[in-house]
Amino acid sequence: MEFLQPATWAEALEAKAASRDAVPVAGGTDVMVAVNFGRLRPSLLLDLTRVPELQQWDTEDGVVRLGAGVPYARVITELGDRLPGLAMAARTIGSPQIRNRGTVGGNLATASPAGDAHPALLAADAEVEVASVRGTRRIPVTGFYTGVKRSALADDELIAAIRIRPPSGPQQYSKIGTRNAMVIAVAAFGLALHPDRRAVGTGIGSAAPTPRRAPEAEEFLAGELDGLWDSRGELPASTATRFGELVSAAAAPIDDVRGTARYRVHALSVMARRTLTWAWADYRKEATTCA
Amino acid sequence: MRLTCTVNGTEQQVDDVWEGESLLYVLRERMGLPGSKNACEQGECGSCTVYLDGLPVCACLVAAGQAEGREVGTVEGLAAPGELHPVQQAFLDAGAVQCGFCTPGLLVATDDLLARARAEGRTPADAEIREALAGNLCRCTGYEKILDAVRLAADRTAGDAR
Amino acid sequence: MSAPTRTPSGAPAHLTGPGSGRVGDDAARPDGVLKVRGEFAYGSDLWMDDMLWGVTLRSPHPYARIRSVDVGPALAVPGVHAVLTSDDVPGSKTYGLELADQPVLAVDVVRYQGEPVALVAADHPETARRAAARIVVDYEVWEPVTDAREALGHPTWNQVHETEAPVTELSRESAHLHPQGNLVRHLKVRKGDPHATADVVVTGEYEVGMQDQAFLGPESGLAVPAEDGGVELHVATQWLHVDQRQVCAALGLPPERVRLTLAGVGGAFGGREDLSMHVHACLLALRTGKPVKMSYNREESFFGHVHRHPATMRYEHGATRDGDLVYVRAQIHLDGGAYASSTPAVVGNAGTMGIGPYVVPNVHVDCYGAYTNNPPCGAMRGFGSVQTAFAYEAQMDALAAELGMDPVELRCRNAMEQGSPTPTGQVVDSPAPVAELLRRLAAMPLPEPPGTLDLREVPGGVSNTTHGEGVRRGVGYAVAYKNVAFSEGFDDHSTARVRLEVVGGEPTVTVHTAAAEVGQGLVTVEQQIARTELGVDRVVIHPKDTDVGSAGSTSASRQTYVTGGAVKAACEAVRARVLERAAGLTGRPVGDLRLFDGTVVAEGLELPLAEVLGDDAVEETLEWRHRPTQALDPETGQGFAHVQYAFSAHRAVVDVDTELGLLKVVEMACTQDVGKAINPQAVVGQIQGGTAQGLGLAVMEEVLVRDGRVQNPSFTDYLIPTVLDVPPMRIEVLEYADPHAPYGLRGVGEAPNISSGPAVLAAIRQATGLPLTRVPVRPEHITGT
């Protein structure tokens, strides 16, 4: 095993191009577990923690460009207002020690269906900016996940950043775990209301081979909200319930040690209903505050 | 490979490090600093918590090479030789130490929590203490006396400058 | 000490330091400073120049025949010093606490997933792991026996063991073992009328999953070859002498050439009573002539020690309309896994304690321990009583509901007290304040209902699953009783060597026992007793090793009682000799003299110990025993089997998100009678820790085994409670002295681990209205999904 520590982004991309089976490591919260338990013995560990560009975030044309190596702790403290859904997801991840190291880039690279950031990224229509010596491209996050722990990342590419437009409406995130802290999701749900586009974003985690959206639920809710965006009227309870049903219908979970498929489906319907209720209440409160 | 980093204020250099070794292994087996503990080696227990450039992290999840040139702080460096850090003293006084395997990681995590709170001129409330220490598993104490210790240390150090 | 020791509202008003450090004080731990500095040497911290690392190759199959093992490719790896298989075990090929049925390294057959097959020693752990992966084992895979009741139902079919294993001299009791087949032990308790009838009858079937001790310090030790051809083993363990006997047998060496010293122990909870890496490290050290360190990682740890027995239990309770228990009938099945470990004793406890601390005229209990191809099960804190408490307390609540009675009142009405008969025909001959424990709990104020939303205080926590929707609060009660120390006629004893001398002008006591300090604070207790009995402040705890006689196991809540008793007795013997000497020097009658603050004192006399002792040391070594117990009658289960009982009670308050099945334990309250709190702070620490472990089993902890394979051998998927899962606790400690025990003390460590989980279950049942007959409770059970 070799260990390489590029100091610049260009060096990192060259190294990845030269050793396509190199395993990039940032916070180490996935990679080092696999190394410690003998499940991963790459020819090259490519440490990305020295690449300055990856450790930064900024705003371009109103879009937050979050460097792939920014740890969750900074997402919470620095971006809670701009990326509320992602910050809520970040707060549920592991422990403070893990959040000081783990990164959204790493969550994407691992592409586990249980990754906590994914539902928030899906709901917010994030884009993944990936790069190689061949150039840079942007992949809508909806198209990023291609299978269990597989992604659209080519073998010479590294994740540079995540691009997310700050929300025009409330966002929510909810995750089921059988412990009240430090737990891998049994099921998770991300919700974003986009009043500017009169649209709804959803993300489902831990309940299908990949993180995924619930398009029918989104369409249904957008339709129901059509007359409510401006009036900010009360959301009928039946709408929230139906939304929950449609979200759970989009899932394709399995039974595993963390939970049954039936429970995951059930939990998603409850989380979707509850998060919609909270988000809509926030949206209505905004109006009151404005008035 | 060769690894050079600063540990508890002293520069350390070790050779023949296998690239797959964690910072935890290097501290424990190569630098003679076994205070950071090896309970799970998967970032779930917090017993290996150390400072890396001032932030508490699980040393088991830091690849040894990632510590190159960095500053590492371990339980062994919390207090000057022969002295006890207020957090260490509070853990003893409160009876928060039983088997003690979780203690080094908890001391570092507590020190970090209290330092951050002090910098803001406050002492942490119970809910904040619990969220801050949720990554440090203890199997002996049921956490009650650990919370006592943190409150005690917070009270004793409330007036201290950071 | 009957006032609350602390309340959940904040830190105690003041925290005192070590005080005078005598019996009854909150003395400070002698190892505390080392532990907070990171300088305390645990088993995994041991290190020597030139040492090798040992690793274990384990079976991937739960049941298979080994056709062949080829170690050649492993030996060829540079840096490898030795590769060993069962052929290299010079002495007995099998070991075990009660039955020597477990191979040191697999011989022909593997009977559980993770069974050790071969060992490698190399100069780096990665080298050793790589080499182990190259060992070629050819397995003929068999279908595993994985259901305890099925295993018993077919005693000659597919039996896990083909031949009878010899009962070792270590057996704690004269267990009646089936000569062949899958029955390890069948305990019968027969009292009164087996066919009694009653006005009101409730029946229930209950299941308890496999819990893991999940001590944080992994199995670790260092074996050092000695010049005499023997070996020195430094190891984290619970009982040095039982280890020594088994290591000697496997190595074919006499005890004087196998010396064990206790390394720092990072928690035990029963999981270190059986051997793990002990013999393996010694074999590698003797083969290579170098020190060999072995330290399991977390995954291997799940395969490296026994777990708590999973149980299935069928109970029937009959009572009068007024709520007097008439009969209890129970069938209890415990899955012992592939090897016996301490299954016979666990069966003994589960059977004799199986109806709880209640007075019942007619009792009919059958308790079975079975062999299967599941992971071996053995000792874990609470030892058989934990499983049955879930069943008998659920039954008591069901009965209360059927009778329309308050559950606390029903319990108090039937509670044992001093003088009560037990199901095994004993009379409880020391205080048994079961009803008082319950009434004190019921009198405590309940926590406030939830106020302003703080996610950290609701089910699901910051994962943001509820803002109050679906949340209902429940309150539940449960009681524990547990035998203290070893039962059923076992010769339970401890040995203490106490030496008093003047060192550097200061009177100094050295206490030498082999009793394992595993975190509970026995070393503190030893110091407190020596200070109390000898009036000397400076007490040195000698390293725990096999140079002194056995202390027995650090288990069964017994060390403060038994080793504490031994230290007290040895101190008394030393004191007698010192006072005799002082009497000779002063001409005063011995009866007038006592030891105080480093001096011999009497009316008008203060003689410094330095003048009494000069350069001499007074040393006494004593074996100390509690009252003898008896074996149980094999047909009726009657007999004076237990020397002492521990009692605790819990009240749990739990918020349940009934729609998502998520839980937040809001508060745990506990009352416990400890006879005499030798170290009140440590007593409360035991209650708090035991409460948390019981809570863990109730709501999250389970080693999931499917087809004999462990599904979750990691701290990622075997979840133990975090600080956000364990609530504030209210604790009241009662001290009703047991006249038969040293200082009147009562074993403390296990009882709170028994009553806390059933109280949590009772609270969840009250919140949900569901029967919830299986633990740990999962969200699926609450949501019906």
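Highest mean first, how do C:558-565, A:242-249 rank when packing is the count of other Cβ atoms within 10 Å averaged over residues? Don't skip to the answer; put the middle values down first.
On the way: C:558-565: 28.8, A:242-249: 22.1.
The densest-packed peptide leads the list: C:558-565, A:242-249.
Got a sec? Which residues of the stretch B:93-126 lose 30 Å² or more of accessible surface with every protein chain in place, vs. that chain alone, 1.4 Å probe?
Buried by 30 Å² or more upon assembly, which counts only protein chains, are B:ASP93, B:VAL97, B:GLN98, B:CYS99, B:PHE101.
Can you give the accessible area per residue of chain A, in Å², using a 1.4 Å probe? It would help to have the intermediate numbers written out before the result.
Numbers: 10670 Å² over 291 residues.
With all protein chains present, chain A gives 37 Å² per residue.
Please report the buried accessible area for the interface of C with B, total over both chains, probe 1.4 Å, in Å² to the nearest 100.
On the way: alone 28370 and 8310 Å², together 31880 Å².
In total, this chain pair buries about 4800 Å².
When ligands, DNA and RNA are left out and all protein chains stay put, how many square angstrom of accessible area per residue does the stretch B:3-77 have with a 1.4 Å probe? Present the calculation step by step, with values, prior to reporting the outcome.
Numbers: 2030 Å² over 75 residues.
Accessible area per residue, the stretch B:3-77: 27 Å².
All other residues with a Cβ under 12 Å from the Cβ of C:THR85 taken together, and with Lys, Arg as +1 and Asp, Glu as -1, what is their net charge? Let's see the in-between values first.
Values: positive: C:LYS93, C:ARG287; negative: C:ASP70, C:ASP87, C:ASP88, C:ASP108.
Net charge around C:THR85: -2.
Can you work out the Karplus-derived ³J(HN,Hα) for every residue in the stretch C:345-356? Use 6.51 cos²θ - 1.76 cosθ + 1.60 with θ = phi - 60°, whole Hz, and x for glycine or proline.
Listing the rounded values in order: 6, 5, 4, x, 5, 4, x, 7, 9, x, 10, x Hz.
Over the Cα atoms of the stretch B:86-157, compute the convex hull volume and normalise it per residue, giving Å³. Intermediate results must be reported in sequence, preceding the final value.
Details: hull volume 5.1 nm³, N = 72.
Hull volume over Cα atoms, normalised by residue count, gives 71 Å³.
Quick one: what are the phi-derived ³J(HN,Hα) couplings along the stretch A:32-37, Karplus 6.51/-1.76/1.60 with θ = phi - 60°, whole Hz, x for glycine and proline?
Going residue by residue, I get 6, 4, 5, 5, 4, 9 Hz, with x marking Gly and Pro.
Cross-link list C:LYS482/C:LYS568; B:LYS145/C:LYS544; C:LYS544/C:LYS568: which exceed 19 angstrom alpha carbon to alpha carbon? Don't skip to the end; give the middle numbers.
Values: C:LYS482/C:LYS568 24 Å; B:LYS145/C:LYS544 27 Å; C:LYS544/C:LYS568 17 Å.
Where the Cα-Cα span goes over 19 Å, the pairs concerned are C:LYS482/C:LYS568; B:LYS145/C:LYS544.
Starting from a Cα-only point model with no solvent, please compute log10 I(q)/I(0) by Debye for the stretch A:1-143 at q = 0.11 1/Å.
These q points yield log10 I(q)/I(0) values of -0.40.
Using a 1.4 Å probe on the heavy atoms of the protein chains only, list every residue of the stretch C:714-738 that has 30 Å² or more less accessible area in the complete assembly than in its chain alone.
Going by heavy-atom accessible area, the residues of the stretch C:714-738 that drop by at least 30 Å² are C:PHE715, C:THR716, C:ASP717, C:LEU719, C:ILE720, C:THR722, C:VAL723, C:LEU724, C:ASP725, C:VAL726.
Quick one: buried accessible area between A and B, total over both chains, 1.4 angstrom probe, nearest 100 Å²? Mind showing how you got there, number by number?
On the way: alone 13380 and 8310 Å², together 19260 Å².
Separately minus together, A and B give about 2400 Å² buried.
Calculate the translational D of the stretch A:90-237 in whole µm² s⁻¹ from Stokes-Einstein, where the hydrodynamic radius comes from the Kirkwood formula applied to all Cα pairs, the temperature is 20 °C and the viscosity 1.002 mPa s.
Details: Rh = 16.2 Å.
Answer, rounded: 132 µm²/s.
P(r) of the stretch B:24-136 in 10 Å steps, Cα pairs, percent per bin?
Computed distribution, short to long bins: 14, 47, 33, 7.
What list of ³J(HN,Hα) values in whole Hz, one per residue of the stretch C:417-428 in order, does the Karplus curve 6.51 cos²θ - 1.76 cosθ + 1.60 (θ = phi - 60°) give from phi, with Gly and Pro shown as x?
9, 4, x, 6, x, 9, x, 9, x, 7, 10, 5
Once the stretch A:171-290 is represented by equal point scatterers at the alpha-carbon sites, with solvent omitted, what log10 I(q)/I(0) does the Debye formula produce at q = 0.11 Å⁻¹?
The calculated log intensity ratios at q = 0.11 Å⁻¹ are -0.36.
Return the Cα extents of the stretch C:651-702 along principal axes one, two and three, sorted largest first, each rounded to a whole Å.
Computed over the Cα atoms, the extents are 46, 22, 14 Å.
Run through every distinct alpha carbon pair of the stretch B:3-77 and return the Kirkwood hydrodynamic radius in angstroms, one decimal place.
Details: mean 1/r = 0.0847 Å⁻¹.
Every distinct Cα pair counted, the radius reaches 11.8 Å.
Counting protein heavy atoms only and a 1.4 angstrom probe, how many square angstrom of accessible surface do chains A and C bury in total, to the nearest 100?
Details: alone 13380 and 28370 Å², together 38640 Å².
In total, this chain pair buries about 3100 Å².
Could you tell me the relative contact order of chain C? Use alpha-carbon pairs under 8 Å, at least six residues apart, and round to a whole percent. Don't jump to the answer; show the numbers that get you there.
Numbers: 2111 pairs, mean separation 127.7, N = 785.
Contact order relative to length: 16 percent.
Once R0 is set to 56 Å, what does the formula 1/(1 + (r/R0)^6) return for the Cβ-Cβ distance between C:ARG257 and A:GLU60, expressed as a FRET efficiency to the nearest 0.05?
Working: r = 74 Å, r/R0 = 1.32.
The computed FRET efficiency comes out at 0.15.
For the stretch A:82-145, restrict the atom set to alpha-carbon positions and state the Rg and Dmax in Å.
In order Rg, Dmax, the Cα atoms of the stretch A:82-145 give 12.4, 37 Å.
Roughly to the nearest percent, how much of the accessible area of the protein assembly as shown is carbon and sulfur, given a 1.4 Å probe?
Numbers: 19570 of 40010 Å².
Roughly 49 percent of what the probe reaches on the protein assembly as shown is carbon or sulfur.
Can you tell me the Rg and Dmax of chain A, counting just the alpha carbons, in angstroms?
In Å, with Rg to one decimal and Dmax whole: 19.1, 63.
Around C:ARG298, with a cut-off of 9 angstrom between Cβ atoms, what is the net charge of the other residues, counting Lys and Arg +1 and Asp and Glu -1?
Values: positive: none; negative: B:GLU41, B:GLU44, C:GLU299, C:GLU300.
Counting the neighbours of C:ARG298, the net charge comes to -4.
Let me have the relative contact order for the stretch B:3-77, percent, based on Cα pairs under 8 Å that are six or more residues apart. Write out the running numbers ahead of the final one.
Values: 143 pairs, mean separation 30.6, N = 75.
Taking the mean separation of contacting Cα pairs over the length of the stretch B:3-77, I get 41 percent.
Among the lysines, which fall within straight-line cross-link reach of C:LYS290, defined as a Cα-Cα distance under 16 Å, with same-chain neighbours fewer than 8 residues apart omitted?
Of all the lysines, none pass the test against C:LYS290 - Cα under 16 Å, at least 8 places apart if same chain.
Please grab the % of Cα pairs in the protein assembly as shown that end up more than 44 Å from each other.
Numbers: 305294 of 765703 pairs.
Counting pairs separated by more than 44 Å, the tail of P(r) holds 40 percent.
Under 10 Å, Cα contacts only: if you run a Gaussian network model on chain A, which one of A:ALA123, A:ALA279, A:ALA89 comes out with the highest mean-square fluctuation?
A:ALA279
Would you mind putting C:265-276, C:54-65 in packing order, based on average other-beta-carbon counts within 10 Å, highest first?
On the way: C:265-276: 27.5, C:54-65: 22.8.
The densest-packed peptide leads the list: C:265-276, C:54-65.
So, taking all protein chains as they sit and a 1.4 Å probe, how much accessible area belongs to A:HIS118, in Å² rounded to tens?
Counting only protein heavy atoms, A:HIS118 exposes about 0 Å² to solvent.
To make sure I understand the rule: partners must be lysines, Cα under 27 Å from the Cα of A:LYS175, and not fewer than 8 residues away in the same chain. Which ones qualify?
A:LYS149, A:LYS285, C:LYS664
Between the stretch A:79-122 and the stretch C:679-728, what is the separation of their alpha carbon centroids in Å?
Centre-to-centre distance over Cα atoms comes out at 27 Å.
Taking 1 over the mean of 1/r across every pair of different Cα atoms in the stretch C:381-478, what Kirkwood radius in Å do you get?
Numbers: mean 1/r = 0.0599 Å⁻¹.
In the stretch C:381-478 this quantity evaluates to 16.7 Å.
Could you state how much accessible area A:VAL133 has, in square angstrom rounded to the nearest 10, with a 1.4 Å probe and all protein chains kept in place?
90 Å²
Determine the order of C:LEU585, C:LEU704 by accessible area, beginning with the largest, at a probe radius of 1.4 Å. Could the numbers behind the result be given before it?
Details: C:LEU585 105, C:LEU704 40 Å².
If we order C:LEU585, C:LEU704 from most to least accessible, we get C:LEU585, C:LEU704.
With the solvent-accessible surface defined on protein heavy atoms using a 1.4 Å probe, which residues belonging to the stretch C:193-219 display a reduction of at least 20 Å² in accessible area in the multichain context relative to the isolated chain?
Residues passing the criterion (a loss of at least 20 Å², heavy atoms only) are C:LEU216, C:PRO218.
Return, for the Cα atoms of the stretch C:493-625, the radius of gyration and Dmax in Å, separated by a comma.
Computed over the Cα atoms of the stretch C:493-625, radius of gyration and Dmax are 14.9, 47 Å.
How do C:291-298, C:752-759, C:507-514, C:454-461 rank on mean C-beta neighbours within 10 Å, highest first?
Values: C:291-298: 25.9, C:752-759: 32.9, C:507-514: 24.2, C:454-461: 21.4.
Going by the mean number of other Cβ atoms within 10 Å, highest first, we get C:752-759, C:291-298, C:507-514, C:454-461.
Could you give the accessible area per residue of the stretch B:86-157, probe 1.4 Å, as a whole number in Å²? Each step should come with its number before you reach the end.
Working: 1540 Å² over 72 residues.
Computed with neighbouring chains in place, this is 21 Å² per residue.
For chain A, what relative contact order do you get, as a whole percent, if you take Cα pairs closer than 8 Å and at least 6 residues apart?
Numbers: 647 pairs, mean separation 45.2, N = 291.
Here the relative contact order equals 16 percent.
Above 44 Å lies some portion of the pair distances; for chain C, what is it as a whole percent of all C-alpha pairs?
Numbers: 82572 of 307720 pairs.
That tail contains 27 percent of the Cα-Cα pairs.
Just tell me the longest site-free run in chain B, where the sites are GluC sites (Glu not before Pro) in a DSSP loop having at most 12 other beta-carbon atoms within 10 Å.
Working: sites that count: B:GLU83, B:GLU120.
Looking at chain B, B:1-82 is the longest stretch - no exposed GluC sites (Glu not before Pro) with at most 12 other Cβ atoms within 10 Å.
The values are calculated or read from the model by the stated rules, or taken from the named source; none is laboratory data. Since this is a predicted model, take the numbers as computed values, not measurements. Reconstructed Cβ throughout: ideal geometry from the backbone, glycine too, with neighbour counts over all protein chains shown. Quick note on the areas: whole protein, heavy atoms, side chains included, nothing else; ligands and nucleic acids left out. Shrake-Rupley method; radii C 1.70, N 1.55, O 1.52, S 1.80 Å.
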